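The values are calculated or read from the model by the stated rules, or taken from the named source; none is laboratory data. Nothing here was measured: the structure is a model prediction, and the numbers come from that model. Cβ sites come from the backbone with ideal geometry, for glycine too, and all protein chains shown count toward neighbours.
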Amino acid sequence: MSKPPFDSFNLGDHVGDDPDAVSANRSRLAQAIGLGADRVVWMNQVHSDHVQVVSAAGTGARGAFDDTDALVTATPRLALAVITADCVPVLLGDARNGVIGAAHAGRVGAAKGIVARTVEAMVALGADVADISALLGPAVSGPNYEVPYEMADDVEAVLPGSLTTTARGTAALDLRAGIARQLEGLGVKAIDIDPRCTVDDPNLFSHRRSAPTGRLASVVWME
């Protein structure tokens, strides 16, 4: 079990937590979802637009795929994990054709098109966009994601629907709104958004609220 400020089941191995505690937490996660630790695929995320097609767990540093922000697979019982603490975890699945994807979409990666690249990689692996379902997990909400207006305007230019305001009327970003609109434009019709805000919810890790802090994991797999 991780110790403060990384307690409450930290799954991030790059935030200063005890590596042994993180490894134990990841093993507990794998057991909880009914898979072995070698059946959960992790990424060393860098806010890129790089998508990795996988058929087994990573072999890079710390057993993860390096310099990667999205994973796709057609392999059953191989779980794809995204770690976040304000960024948007995007989980995708085409149950009909047996292809899944998971993307880490922070401001930089979302603006670079990491979600669209993930959908493209899924289609190349046999998915049909019309059969893809998407879940946008817990993330910082628009009212709590204040940024300079120029930054918000730049993101809005490449990810329409993201620009919003805080309660004070200052510029802010709602990445989940922008990503949802992007997915709709790609032809994805089944889109669910977890309403929780990582900044507001004390049960979730939030870098903006309390850095340094841990990371939560969002996981998708096929039986």
Restricting to segment 168-200, give me the number of residues that are among the charged types (D, E, K, R), part of a loop (DSSP other than H, G, I, E, B), surrounded by fewer than 18 Cβ atoms within 10 Å (Cβ to Cβ) and out of contact with any Lys or Arg (no Cβ under 9 Å at 6 or more places or on another chain). 3
Looking at segment 202-223 only, could you name the residues that are within 15 Å of residue 140 (Cβ to Cβ) and at pLDDT 95 or above? 218
Sort through 143, 148, 89, 138 and tell me the only one that's touching a Gly at 6+ places or on another chain (Cβ under 7 Å) and at pLDDT 95 or above. 89
Of all residues in segment 69-93 being buried (at least 24 other Cβ atoms within 10 Å of the Cβ) and not hydrophobic (A, V, I, L, M, F, W, C), which is nearest to residue 50 (Cα to Cα)? 69
Matching residues, segment 18-56, being modelled with pLDDT under 90, touching a Lys or Arg at 6+ places or on another chain (Cβ under 8 Å) and in a loop (DSSP other than H, G, I, E, B): 18
Of these, 173, 163, which one is aliphatic (A, V, I, L, M) and more than 26 Å from residue 215 (Cβ to Cβ)? 163
Within segment 132-167, which residues are buried (at least 21 other Cβ atoms within 10 Å of the Cβ), of a type in the set (Gly, Ala, Ser) and either in contact (Cβ under 8 Å) with a residue 40 or more places away in the chain or in a loop (DSSP other than H, G, I, E, B) (or both)? 134, 137, 139, 141, 162
Which number in (1) farther than 28 Å from residue 26 by Cβ; (2) among the small types (Gly, Ala, Ser); (3) in contact (Cβ under 8 Å) with a residue 12 or more places away in the chain marks the one condition that residue 127 misses? (1)
